[in-house]
1. Step through the residues of the range 249-255 one at a time and calculate ³J(HN,Hα) from phi using the Karplus curve (6.51 cos²θ - 1.76 cosθ + 1.60, θ = phi - 60°), rounding each to whole Hz and writing x for Gly and Pro.
2. Add +1 for every Lys or Arg and -1 for every Asp or Glu among the other residues with Cβ under 12 Å from the Cβ of GLY223, and state the total.
3. First select every other residue whose beta carbon is under 15 angstrom from the beta carbon of ASP18; then total the charges, Lys and Arg +1, Asp and Glu -1.
4. Picking from GLN41, GLN178, GLN60, which is most flexible by a Gaussian network model of the chain using Cα springs under 10 Å?
5. Return the sequence-ordered ³J(HN,Hα) values of the range 4-17 in whole Hz as given by the Karplus equation 6.51 cos²θ - 1.76 cosθ + 1.60 applied to θ = phi - 60°, using x for Gly and Pro.
6. Using the structure shown, list the pairs from LYS165/LYS202; LYS133/LYS251; LYS172/LYS224; LYS205/LYS240; LYS202/LYS224; LYS59/LYS92 with a Cα-Cα distance above 26 Å, or answer none.
7. With runs of 4+ DSSP H residues as the only contributors, calculate the mean residue ellipticity of the chain at 222 nm using -39,500 (n - 2.57) per run, divided by the residue total and rounded to the nearest 500.
8. Search the structure for amide H atoms under 5 Å from the amide H of LEU254, placed 1.01 Å from N in the peptide plane, and list their residues when 5 or more places away or on another chain.
Amino acid sequence: MLHGICHIASIPVRRKPDDSSEMLTQVLFGETLRILETYKQWRKVRLSFDAYVGWVDEKQFKVLSEESFNEHTNKYAVNHLLWMESSSDFRKVFLPLGASLPFAKKMSFKLDNETFNLSDEINTTAHSLKKLKKVAFSLMEAPYLWGGRTPLGIDCSGFTQLIYKTIDIPLKRDAKDQESEGIPVDLLSKSKEGDLAFFINKNDKVHHAGLILEDNKIMHACGKVRIDTIDDDGIYNKDKKSYTHKLHSIKRVLI
């Protein structure tokens, strides 16, 4: 089976093998994939990080050897904006939040035969609420984008997945699947900062997620990454002067 790695900032993963097809999610720099099927220049892939399946253009990833793929880990996830410069041609590559640097050593990163120098050191402190909040607040005002996982565009579950990835806690991609993870918190009054809240639509299906903060506040991607008030009924948007999301459940994944 063939494998690949994202060697640019991000790659759109589409529902169908067509540039105009819906973007389901994005692959970030350093994340790997398995190739399942081929259609013209398109490859149907399964992402290693969250097992998401979709189509990517073959021009947007680098094929990995079996040995390199097996050595890959998600040990280092970028938690602040970085760029890398190629030591051979001085080409610069932007690294978005959440990018994986599995082969990084101090201030450099090697991908196949090419070495990149990092613009800053990697902070590898894991499972920290302080670090989680710092990353979350760095995404404030990021525009909402269906399928997005970067500061240039992000959706609700992409936001929660991304911030937790930076503290080495992997989450599934969609809100309905993330809701199956973690330890249930039965009351909002018992929730803590860092817990995840999930919300249902008119059909009682989980369709939205957000990060609980202090003082009955929640950070979530709705139009943009923003902070609203949360109570037992759901999210209250002071701009609209109405509730926008109905609370379903709360989960604790940061123990």
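Only the coordinates and a few stated rules stand behind these numbers; no lab work does. Everything numeric in this text was worked out from a predicted model, so none of it was measured. Every residue, glycine among them, receives a Cβ derived from its backbone with ideal geometry; neighbour counts consider all protein chains shown.
1. My calculation for the range 249-255 gives 7, 10, 10, 10, 10, 9, 9 Hz in order.
2. Numbers: positive: LYS224, ARG226, LYS240; negative: GLU141, ASP155, ASP228, ASP239.
Its environment carries a net charge of -1.
3. Numbers: positive: ARG14, ARG15, LYS16, LYS40, ARG43, LYS44, LYS59; negative: ASP19, GLU22, GLU37, ASP57, GLU58.
Neighbour charge sum, excluding ASP18 itself: +2.
4. Among GLN41, GLN178, GLN60, the largest mean-square fluctuation in the Gaussian network model of the chain belongs to GLN41.
5. x, 9, 6, 10, 10, 4, 7, 10, x, 10, 10, 5, 10, x
6. Working: LYS165/LYS202 30 Å; LYS133/LYS251 17 Å; LYS172/LYS224 21 Å; LYS205/LYS240 23 Å; LYS202/LYS224 22 Å; LYS59/LYS92 18 Å.
Going by Cα-Cα distance, LYS165/LYS202 fall outside the 26 Å limit.
7. Values: 4 runs with 30 residues, N = 255.
Result for the chain: -3000 deg cm²/dmol, rounded to the nearest 500.
8. Those lying under 5 Å, H to H, from LEU254: there are none.
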